[in-house]
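Below: the structure, in structure tokens.
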Amino acid sequence: MKSRRPQAIINLNALNHNFFRVKQLAPASKVLAVLKANAYGHGMLAVAQALKHADALGVARIDEALALRAGGITKPIVLLEGFFHPDELQQVVASNLQLVIHHREQAAALLAARLDAPVRVWLKVDSGMHRLGIYPDEFKELHQCLSQSSNVQTPIRLMSHFACSDELANPATLRQLQLFRQTISSAEGEVSLANSAAILNWPQSHADWVRPGLMLYGVSPMADGSGDTHGLQPVMTLSSSVIAVRHVKAGEAVGYGGSWIATHNTRLAVVAIGYGDGYPRAASNNADVIINSQRLPVVGRVSMDMITVDIGQQSVAVGDNVILWGPQLPVEQLAQRVDTIPYELLCNITSRVQFSYVE
């Protein structure tokens, strides 16, 4: 019997297509592929195994890195938030992980540690994001102390993060770039600045390393864009199936709260997906799906396990496949409808969804 579970089909060919699109845009740069948050919801280990040409992998936290090592991944792995407690440093060394150092207390803990081997450090400068990063006026002191420590491999790599690189008319990116270059002018070491939006929009920021995240998964980092406009291919197709077809008469209300009332006699498809699977509740009366190549509206309230779709007189039967997003229905469009960002939709997929990986 065919499973009625929601499915996330991950196209690894599309993933590698997007990786080589990054290489086309930044041919002189090494690629630090960002796999944090379970590879933006796509399955961290499978994505890491597929990205054979990446120069390094980036994760947020040590548990993510250790999961990759346990899965047999031997590539360089960078902890983008560094370590949270000095007790983690021995594991960092044992697992051959690399560290982003982004504040003075973190640097002090690394300098004070007794390590069996030096670690690779990426020193992060706050050039205007004002989230993480050492202040520009403390860069020289901390860079010198770290460079002289036996706990640190040299030369140290240098990095920052852009706040507004998805806004082409915003001068903030150029200001950040200028401040960063001024700050590190007397230091040696490879440089990394460009996230997905900067890879696409600010070639002067590509430097030695680029850090693609969202674009690897075929999704545009631009607020009003879609991946195909940048030559990207969606990696995830989220789908489910019809579990019932029902007749509804004019004037009848559907779902919790009766938020949708039929204006005429019609038919509804009940689809096995809901906010318990990660499909957004804000899509209630506010989204489309694709059934048998037809784009059809979600009506009524999204519930934990089900949505209802107005299919009218379309030929739809129990068991038919329903696409929630994918190449034919970009996740960016749903994100715009429900007033969120694609990152959130992708990362919110829950363990109830069955993943499959295809070439």
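Within region 293-344, being over 25 Å from Ala223 (Cα atoms) and either in contact with an Asp or Glu (Cβ under 6 Å, 6 or more places away or on another chain) or among the charged types (D, E, K, R) (or both) holds for Val299, Arg301, Asp305, Asp310, Asp320. Here region 112-125 is the region considered, the condition is being assigned to a loop (DSSP other than H, G, I, E, B) and closer than 14 Å to Gly82 by Cβ, and the residue that is farthest from the chain's Cα centre (by Cα) is Ala113.
Could you tell me whether any residue of region 5-16 is without any contact (Cβ under 8 Å) to a residue 60 or more places away in the chain, hydrophobic (A, V, I, L, M, F, W, C) and either open to solvent by less than 30 Å² (accessible area, probe 1.4 Å) or in contact with a His (Cβ under 6 Å, 6 or more places away or on another chain) (or both)? Among the residues of region 5-16, not one is without any contact (Cβ under 8 Å) to a residue 60 or more places away in the chain, hydrophobic (A, V, I, L, M, F, W, C) and either open to solvent by less than 30 Å² (accessible area, probe 1.4 Å) or in contact with a His (Cβ under 6 Å, 6 or more places away or on another chain) (or both), which makes the answer no.
Those strands (runs of 3 or more DSSP E) of region 247-348 in which 1 or more residues are among the hydroxyl-bearing types (Ser, Thr, Tyr) and open to solvent by less than 20 Å² (accessible area, probe 1.4 Å) occupy 266-271.
Checking every residue in region 37-49 against the condition of being without any contact (Cβ under 8 Å) to a residue 12 or more places away in the chain and either under 14 Å from the mean Cα position of the chain (by Cα) or not in a strand (DSSP E or B) (or both) gives zero matches. Report whether or not Gly58 is of a type in the set (Gly, Ala, Ser), in contact with a Lys or Arg (Cβ under 8 Å, 6 or more places away or on another chain), surrounded by fewer than 22 Cβ atoms within 10 Å (Cβ to Cβ) and touching a residue at least 24 places away in the same chain (Cβ under 8 Å). So Gly58 does not fit the description; no. Of everything listed in (1) open to solvent by 20 Å² or more (accessible area, probe 1.4 Å); (2) among the small types (Gly, Ala, Ser); (3) in contact with a Phe, Trp or Tyr (Cβ under 9 Å, 6 or more places away or on another chain), the single unmet condition for Gly71 is (3).
Of the residues making up region 279-302, at least one is within 20 Å of the chain's Cα centre (by Cα) and of a type outside the set (Lys, Arg). One residue stands out among those in region 50-69 that are part of a helix (DSSP H, G or I) and out of contact with any helix residue (DSSP H, G or I) (no Cβ under 9 Å at 6 or more places or on another chain): the one that is farthest from His103 (Cα to Cα), which is Arg69.
The values are calculated or read from the model by the stated rules, or taken from the named source; none is laboratory data. What you see is a predicted model; the values in this text were computed from it and never measured. Quick reminder, even Gly has a Cβ in these numbers, built from the backbone with ideal geometry, and neighbours come from all protein chains shown. Each accessible area value is taken on the protein alone, full model and side chains, heavy atoms only, with ligands, DNA and RNA left out. Shrake-Rupley method; radii C 1.70, N 1.55, O 1.52, S 1.80 Å.
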